[in-house]
Amino acid sequence: MIKKTSIPKDPLLGLVQLRIWAQLDGAEEAFLKMFQVTELQWLLRVFGDNVNAEIKRKKNLIPLIFDHLKKETQFHNEVILKGQMFI
């Protein structure tokens, strides 16, 4: 089951969990329900994607995130060094 509370706090482990979920049927819908816009924007920034601050619709953010997850884009080192997801 896809639940935000199931994401490990360690960014590397959290990234692995997100990648696994991205492969599941219905994952995009689950992400729509589970994450806030600010969390989705954060994910794009830590992938190195310069998110336009004007993108505030989840339906526009999720495909961009899934693209990074499927390409196995790594998080920026700063996030890994902080050791916590969604700061």
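Brief remarks on what is shown
- Within region 1-51, trypsin sites (Lys or Arg not before Pro) in DSSP loop having at most 10 other beta-carbon neighbours inside 10 Å: Lys3, Lys9
- Structure-derived log10 I(q)/I(0) by the Debye sum over Cα atoms at q = 0.13, 0.17, 0.24 Å⁻¹ - corresponding label in [x] -0.35, -0.60, -1.22; [y] -0.46, -0.68, -1.06; [z] -0.36, -0.64, -1.38: [z]
- Cleavage-rule hits, chymotrypsin sites (Phe, Trp or Tyr not before Pro), region 14-87, DSSP coil, Cβ neighbours within 10 Å at most 16: Phe86
- With at most 14 neighbouring Cβ atoms within 10 Å, loop GluC sites (Glu not before Pro) (DSSP) excluded, longest segment of the chain: 1-53
- A helix-only calculation puts the chain at -17000 deg cm²/dmol for mean residue ellipticity at 222 nm, using -39500 (n - 2.57) for each DSSP H run of at least four residues, averaged over all residues.
Every number here is computed from the coordinates shown, using simple stated rules; none is lab data. Worth saying up front: this structure is predicted, and the values here are computed from it rather than measured. Note that we place each Cβ from the backbone using ideal geometry, even for glycine, and neighbour counts take in every protein chain shown.
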